[in-house]
1. Once both axes come from the Cα atoms, what is the angle between helix A:160-169 and the longest principal axis of chain A, in degrees from 0 to 90, rounded to 10?
2. Any idea what the relative contact order of segment A:34-119 is, in percent, if you count C-alpha pairs under 8 Å spaced at least 6 apart?
3. Using only alpha-carbon positions, what ratio does the radius of gyration of the protein assembly as shown give when scaled by 2.2 N^0.38 Å?
4. Within the set of other residues whose C-beta is less than 14 Å from the C-beta of residue B:73, count the net charge using Lys and Arg as +1 and Asp and Glu as -1.
5. Taking 7 Å along the Cα-to-C-beta vector as the label spot, tell me the residue A:281-residue A:184 distance in nanometres, rounded to one decimal.
6. Would you please give the residues with an amide H less than 5 Å from that of residue A:89, counting only those at least 5 places away or on a separate chain, with H modeled from the backbone geometry?
7. Would you mind telling me the share, in percent, of accessible area of segment B:14-160 contributed by carbon and sulfur at probe 1.4 angstrom?
8. Give the distance, in whole Å, between the Cα centre of segment A:123-196 and the Cα centre of segment A:272-310.
Amino acid sequence: MNGGAAALAVVQVVVMLVVSPLLVGLMRQTRARLEGRVGAGVLQPWRDLRKLAAKETLRASGTGWVSAAGPLVLVASGLLACALVPLVGAVPFVSVPDDLFVVVSVLLVGTVALALVGLDAGTAFGGMGSSRHMTIAALVEPTVLVAVYALSIPVGSSALSRIVLARIDDPASVASPVSLLALVALAIAVVAETGRLPVDNPSTHLELTMIHEAMVIESSGRDLGWLELGSWLRLGALLGLLGSLLVPWGVAQDAGVAAVLVGVVTLVLKLAVLGCVLAAAEVFVAKLRLFRVPELLAGSFVLAFLAVTASYLVVQAG
Amino acid sequence: MRGLVRLMRATGRVAEPAPQRPEGLQGANAAFGGSVGVRHVDAGSCNGCEIEVAATFGPVYDAERYGAKLVASARHADVVLITGVVTRNMLEPLRRTVDATPNPRVVLAVGDCARSCGVFAGGVGVAGAAHDAVDVDLAVPGCPPEPDVIVEALRRVTLR
């Protein structure tokens, strides 16, 4: 059982490494088409990574080991999240818990690494971005925890793979009020966590409105490549988690070849659909003023909290 | 929102058909491989070139389809795009921006002012043209140059 889980984790990491830049390319392409542009193509993020890998890596004078290690930590945390979250298959690990608390802490390690990279160069914009990033992380993490906790109550386990398996067994639970409230809360949290509109604008050039871009503003060459890849992996893992919870069908329940193949294909489809929907929705919204962001995130926390309350009520009624 | 959807439907694709790909810049590094970050530096321009540069990356000329993208930091850039004469105040910042751009890099002077000071030659605050301050790899003539010409220069670097 554990060997199968490990094999699945490797498959998930490999698939996400290939797919997450393409997901970003697809989202940019969707946006470009809706804006009447031709767009750079779905493969553009891969071209960016290849170019960055070949470029000279400049670091500002006075930066220390954090600038060198931070990007790698971000990528490592993204890869670990991809391995732990049930994306292709939901086979529970025996020795390593794919507990929601573990996944959230793994993502938080990456968040902190990114914030430290922003601080290390000592520029005003980097520090400002890090400060905003941590503010949002502090508001988002409880929402993610509480939202997934609401989903875990009926299952009786906080392991993400068990939650997904329980949802495959009982499709009615996907459309239950608990599940819907929790998923809306989770979706808002994912949008905030991955720096998409309306919380952060990934294509902004105005330093004063930046969050993610401000932190990476001093990184170049390979450092920048790792940072980009790391944040794309996080986006992929979180969107994939949302997809697995929203549409649990197709997720492999064992490590057999056929089941895994179906899992990979459905994962790619789910990511493509979610990515297109998110990108299309972004065309219609403007970035929120920074001081309004806590209101949005507080709203999503309330939804998650209501989901928890409702899950107790539903359990008692049933 | 419904109005916006209707506008998108009615507009469709506004980008003009791509002209033929120009020859690659001699000495341009193949390391870019179809992905080029452009950092725009206004060294003392009248804003005429800025409007043309903005149009270059707008929906009609859409330089992004050739792999060129405006970036927010010189650290992310492969091309430094200079517009306007180099004024005394911008001489040092311009040099620093080019220094902060990781190699391999291409310096692009856009407009007559950046090429040869244009109408501002001999002005009181003018330190010179772009090539007086930094090594320029490619210059685009015009006052202001049309977006077509800027796109062509960028395509010589992106090779797409």
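The values are calculated or read from the model by the stated rules, or taken from the named source; none is laboratory data. Just so we're clear, the structure is a prediction, and the values are computed from it rather than from any experiment. FYI the Cβ positions are ideal-geometry reconstructions off the backbone, even for glycines, and counts take in every protein chain you see. When the accessible area is computed, the model is the full protein with side chains, heavy atoms only, and any ligands, DNA or RNA have been set aside. Shrake-Rupley method; radii C 1.70, N 1.55, O 1.52, S 1.80 Å.
1. 40 degrees
2. 39 percent
3. Taking the Cα Rg and dividing by 2.2 N^0.38 Å, one obtains 1.06.
4. Values: positive: A:55, A:59, B:39, B:69, B:75, B:96, B:105; negative: A:207, A:213, A:218, A:223, A:228, B:78, B:99.
Surrounding charge for residue B:73 is 0.
5. The answer from the label model is 1.1 nm.
6. Result for residue A:89 returns A:252.
7. For segment B:14-160, the apolar C and S fraction of the accessible surface comes to 49 percent.
8. The distance from the Cα centre of segment A:123-196 to that of segment A:272-310 comes to 11 Å.
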